[in-house]
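See below for the structure under consideration.
The values are calculated or read from the model by the stated rules, or taken from the named source; none is laboratory data. Every value quoted in this text rests on a predicted model; they were computed, and no experiment measured them. Here the Cβ positions follow ideal geometry from the backbone for every residue, glycine too, while neighbour counts run over all protein chains shown. Side chains included, ligands, DNA and RNA excluded: accessible areas come from the protein's heavy atoms. Shrake-Rupley method; radii C 1.70, N 1.55, O 1.52, S 1.80 Å.
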Amino acid sequence: MQLYHFQTIDPAGARHDVKSLRLADLAAVWREIDVLAASQSRGGQIRVTNEAGGIVVLVGVSTARRLQARPAA
(Lines give C-alpha, C1' and ligand atoms only; values in the text may rest on other atoms or scores of the structure.)
Protein backbone atom coordinates (compact mmCIF):
# COMPACT_ATOMS: atom_id res chain seq x y z
CA MET A 1 0.00 0.00 0.00
CA GLN A 2 1.21 3.43 -0.88
CA LEU A 3 0.85 6.65 1.08
CA TYR A 4 -1.14 9.38 -0.68
CA HIS A 5 -1.51 13.00 0.45
CA PHE A 6 -4.73 14.84 -0.41
CA GLN A 7 -4.88 18.64 -0.74
CA THR A 8 -7.48 21.07 -1.88
CA ILE A 9 -6.51 24.23 -3.73
CA ASP A 10 -9.08 26.97 -3.44
CA PRO A 11 -9.90 29.35 -6.33
CA ALA A 12 -7.48 31.93 -4.88
CA GLY A 13 -4.64 29.39 -5.03
CA ALA A 14 -4.31 28.64 -1.31
CA ARG A 15 -3.43 25.02 -0.55
CA HIS A 16 -5.09 23.12 2.27
CA ASP A 17 -3.83 19.73 3.46
CA VAL A 18 -6.82 17.48 3.97
CA LYS A 19 -5.52 14.02 4.82
CA SER A 20 -2.93 11.36 4.16
CA LEU A 21 -3.97 7.75 3.64
CA ARG A 22 -2.38 4.44 2.77
CA LEU A 23 -4.39 3.06 -0.14
CA ALA A 24 -4.11 -0.06 -2.24
CA ASP A 25 -4.62 1.39 -5.72
CA LEU A 26 -5.77 4.33 -7.83
CA ALA A 27 -9.39 3.20 -7.66
CA ALA A 28 -9.24 3.82 -3.91
CA VAL A 29 -7.65 7.23 -4.56
CA TRP A 30 -10.55 8.16 -6.87
CA ARG A 31 -13.10 7.08 -4.25
CA GLU A 32 -11.47 9.52 -1.81
CA ILE A 33 -11.51 12.23 -4.49
CA ASP A 34 -15.26 11.63 -4.90
CA VAL A 35 -15.77 12.26 -1.18
CA LEU A 36 -13.65 15.43 -1.25
CA ALA A 37 -15.37 16.79 -4.36
CA ALA A 38 -18.79 16.31 -2.78
CA SER A 39 -17.70 18.30 0.27
CA GLN A 40 -16.26 21.27 -1.67
CA SER A 41 -18.67 24.15 -2.11
CA ARG A 42 -16.39 26.74 -3.65
CA GLY A 43 -14.74 24.96 -6.57
CA GLY A 44 -10.99 24.84 -6.94
CA GLN A 45 -8.85 21.74 -7.41
CA ILE A 46 -7.97 18.52 -5.66
CA ARG A 47 -4.35 17.42 -5.74
CA VAL A 48 -3.09 14.00 -4.71
CA THR A 49 0.63 13.33 -4.31
CA ASN A 50 2.55 10.17 -3.54
CA GLU A 51 5.18 9.57 -0.87
CA ALA A 52 7.90 11.02 -3.10
CA GLY A 53 5.91 14.22 -3.62
CA GLY A 54 4.98 13.48 -7.23
CA ILE A 55 1.53 14.51 -8.41
CA VAL A 56 -0.64 11.46 -8.98
CA VAL A 57 -3.93 13.26 -9.68
CA LEU A 58 -4.74 16.94 -10.21
CA VAL A 59 -8.40 17.49 -10.98
CA GLY A 60 -10.84 20.36 -10.78
CA VAL A 61 -13.66 19.96 -8.28
CA SER A 62 -16.26 20.53 -11.01
CA THR A 63 -14.68 17.87 -13.20
CA ALA A 64 -14.51 15.40 -10.32
CA ARG A 65 -18.21 15.99 -9.64
CA ARG A 66 -19.10 15.37 -13.28
CA LEU A 67 -17.09 12.16 -13.25
CA GLN A 68 -19.10 11.05 -10.20
CA ALA A 69 -22.35 11.62 -12.05
CA ARG A 70 -21.34 9.40 -14.99
CA PRO A 71 -22.52 5.81 -15.02
CA ALA A 72 -19.74 3.26 -14.53
CA ALA A 73 -18.39 1.83 -17.77
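Please give the charge dipole size of the chain, origin at the Cα centre, charges +1 on K and R Cβ atoms and -1 on D and E Cβ atoms. Round to the nearest 20 debye.
Charge dipole of the chain: 220 debye, to the nearest 20.
Using label points projected 7 Å from each Cα along Cα→Cβ, tell me how many nm separate Arg15 and Ser39, to one decimal.
My value for the distance between the label points is 1.9 nm.
Divide by every residue of the chain the summed helix terms, -39500 (n - 2.57) for each DSSP H run of at least 4, and state the resulting mean residue ellipticity at 222 nm, rounded to the nearest 500 deg cm²/dmol.
-9500 deg cm²/dmol
Could you report region 23-73's accessible area per residue, 1.4 Å probe, as an integer in Å²? Intermediate values should be presented prior to the final figure.
Numbers: 3140 Å² over 51 residues.
Accessible area per residue, region 23-73: 62 Å².
Mind running the shape call on the chain? Use the C-alpha gyration tensor, a ≥ b ≥ c as the square roots of the eigenvalues: rounded below 1.5 for a/c, prolate if a/b tops b/c, oblate otherwise. Working shown, then result.
Values: a/c = 2.06, a/b = 1.09, b/c = 1.89.
Oblate, since a/c reaches 1.5 and b/c is not below a/b.
On the protein heavy atoms, probe 1.4 angstrom, tell me the percent of accessible surface of the chain carried by carbon and sulfur.
Working: 2340 of 4590 Å².
Whole-percent figure for carbon plus sulfur exposure: 51.
Among Gly43, Leu58, Met1, pick out the residue whose Cα is farthest towards the positive end of the charge dipole of the chain, where Lys and Arg carry +1 and Asp and Glu carry -1 on C-beta, about the Cα centre.
With unit charges placed on the Cβ atoms, the residue in question is Gly43.
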